[in-house]
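The values are calculated or read from the model by the stated rules, or taken from the named source; none is laboratory data. Please read all numbers here as calculations on a predicted model, not as lab measurements. Positions of Cβ are backbone-derived with ideal geometry, glycine not excepted, and every protein chain shown enters the neighbour counts. For accessibility, only protein heavy atoms count, side chains too; no ligands or nucleic acids. Shrake-Rupley method; radii C 1.70, N 1.55, O 1.52, S 1.80 Å.
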Amino acid sequence: MSDPPFCPNAHCPHHERAPVGQSWFEYAGFYGTKAFGAVQRFRCCTCGKNFSTQTFRLDYYVKRPRSYRRILKRITAGSGVRSLGRDLKVSHQAVLNRLSRLARQALGVQAQLLPTLTLQEDLAADGFESFSSSQYEPNNIHLLVGCDSQCLYAFDAAHLRRKGRMTDEQKRQRSLREKKYIRARVSISESFTRLLKCAIRHIENRAACRVLLFTDEKHEYRLLVDSDEYLQHLRSREQFAHICISSKLPRTTANLLFPVNYLDRQLRKDNANYVRETVQYSRSVNNCLERMAVYQLHHNFCKPYRVNDRQKRELRHAEVAGVDREVIDRELEGIYGWRKFFSKAKLSLSQLLVWTRMVGNLDRFDGGYKPQYIFM
Ligand SMILES: [Zn+2]
């Protein structure tokens, strides 16, 4: 990058778009770094903000650059954070830091591309149950998936109460932990409301006259869909229907919840933190959601749509959903080099919670250190 593309100060008139052919900035010397050599500094002539080439890079503040392409490839192919750290010769904390950066890139790309598509298929939504930190903190990650494309449109997490068979000691432990909770649970309803908002945005921009939403029989889902005025308006005109499917039915391709069941399976086999009965579970809900965002990017835009079909293998899930391939390629270009800006990414509320690491474990503060630049 020779010239900066815009002023990084969100309150500056040159932030949204910098004037072409006008010298809105001035060169302000260099500073030396071990990792990147001499870095050019700039100063905005309007707001006086000092910044450098590094301000725009995904590796802003990084001291030991590592290949993001390699991290993405391995983390979405069942690799654990520590094994990846050993491979890259960095600590697992450094890997988590790079994953946070990749997650924000992923959220930025999704926020840019998915809202632009015209919905051409029915939708399925369901919760993916996992846990983070310990078995006492199960969570339910709601997924919104396209029925034909299996494109993952959105996800949102809720906390669950530990259920199932427990000994008396485990029950005592559960109530002890519940007394020490520092934050309120994100309920199923709260989380599904956010997901439904995202579904409605897509339904508003649909190609077909009629669209169906498949979910399982949770009463919260039915209540929330029934209480939404817009969906009820569409339903009265026979343009929308909510179909509840029993989650006890065999999980075959004939099952109408197949799109979400398929994604559940992909998540379990591709992500080490979701593989059951191992020690590779996420230690924090935020880390878990960041990995989900990275996987969403990989699933929608990088992975072949069908591997056994010669033509379909060239397609991507988002492409089948209706995003133009050229637009995808253009958006992915430079994704490992230039960072997405918070002020420019048009995030949904679900995405914002992941970007700012605000979901969190119930019994401890795990938002971690949030550098100021992630809000720039
Ligand atoms: Zn400025």
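For the reader, a short list of remarks on this structure follows.
- Consider segment 117-148 and keep the residues that are crowded, with 22+ Cβ neighbours inside 10 Å and of a type in the set (Ser, Thr, Tyr). The one that is farthest from Ala241 (Cα to Cα) is Ser132.
- Residue identified as modelled with pLDDT of 95 or more and either touching a His at 6+ places or on another chain (Cβ under 6 Å) or in a loop (DSSP other than H, G, I, E, B) (or both) among Leu347, Leu362: Leu347
- Selection within segment 314-324 - farther than 20 Å from Leu72 by Cα and either of a type in the set (Lys, Arg) or outside any helix (DSSP H, G or I) (or both): Gly322, Val323, Asp324
- Within segment 156-175, the set of residues being surrounded by 11 or more Cβ atoms within 10 Å (Cβ to Cβ) and farther than 17 Å from Leu352 by Cβ comprises His159, Leu160, Arg161, Arg162, Met166, Gln170, Lys171, Arg172, Gln173, Arg174.
- Positions within segment 274-294 being out of contact with any strand residue (DSSP E or B) (no Cβ under 8 Å at 6 or more places or on another chain), in contact (Cβ under 8 Å) with a residue 24 or more places away in the chain and not small (Gly, Ala, Ser), in sequence order: Val275, Gln280, Arg283, Asn286, Asn287, Glu290, Arg291, Val294
- Looking across Cys12, Cys47, one residue alone is outside the structural domain of Trp338 (by TED's automatic domain parsing), open to solvent by 40 Å² or more (accessible area, probe 1.4 Å) and farther than 29 Å from Leu99 by Cβ. It is Cys47.
- Candidate set from segment 325-344 (those that are among the aromatic types (Phe, Trp, Tyr) and in a loop (DSSP other than H, G, I, E, B)); member that is least open to solvent (accessible area, probe 1.4 Å): Phe341
- Meets criteria (of a type in the set (Lys, Arg) and farther than 24 Å from Val260 by Cα) for Arg206: no
- Test result for Ser100, under 21 Å from Lys370 (Cα atoms), buried (at least 18 other Cβ atoms within 10 Å of the Cβ) and not assigned by TED's automatic domain parsing to the domain that holds His15: yes
- Filter result for Ile71 (surrounded by 14 or more Cβ atoms within 10 Å (Cβ to Cβ), touching a residue at least 60 places away in the same chain (Cβ under 8 Å), β-branched (Val, Ile, Thr) and more than 16 Å from the ligand (Cβ to nearest atom)): no
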